[in-house]
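See structure below.
We did not get these values from a lab; they are worked out from the coordinates using the rules stated. Remember, predicted model here, so these are calculated numbers, not experimental data.
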Amino acid sequence: MKNKTDRLNIIKEIVTENIIGSQEELLKALLDRGFDLTQATLSRDLKRLKITRYLTDAGKYRYNLPVNSYYGTKQTVKIIGVNSIEFSGSLAVMKTRSGYASGIAAEIDHNAANAILGTIAGDDTILIIPREGFSRTEITNILSNLIENN
């Protein structure tokens, strides 16, 4: 039986190098590599690694590992799939491509935690709740630095 650290590293490797769209596919890949685990354990591992699932342009789902310094890489995060951002009072609503909201919200929560208190994501909409003392302009600038220009 292999240890948890090995399992988490292999999950990251499988998700990065393959198109995996379901927990069943990922579980089979892990079993093929000699790991003995349940679907419940895999689900907890995905949550721990903050792996998200998004809808590809081809209409299929794919798991995605966040790319930022928390996960051991020193790359600048550039979020894709954002359609618009609008404010109502101090709250912001971000419209995304279908299936992208959850992954984008996780990146915002991690990369803008100093300015963003939290996010709530649906399928294609994110409610962004700024921390006290941050203006619309400051929030817009912070989010613009995270979003890839189309």
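Quick notes
- In degrees, nearest ten, helix 23-32 long axis to first principal axis of the chain (Cα): 40 degrees
- Considering all different alpha carbon pairs of the chain, the Kirkwood hydrodynamic radius works out to 16.6 Å.
- Flagged links, alpha-carbon separation over 22 Å, of 4/78; 4/28; 28/78; 47/95; 12/95; 4/47: 4/78; 28/78; 47/95; 12/95
- With respect to the chain, whose longest principal axis is taken over its alpha-carbon atoms, helix 4-17 is tilted by about 70°.
- When only Cα pairs below 8 angstrom with a gap of at least 6 residues are kept, the chain shows a relative contact order of 17 percent.
- Value at 222 nm in deg cm²/dmol, rounded to 500, when DSSP H runs of n ≥ 4 in the chain each add -39,500 (n - 2.57): -11500 deg cm²/dmol
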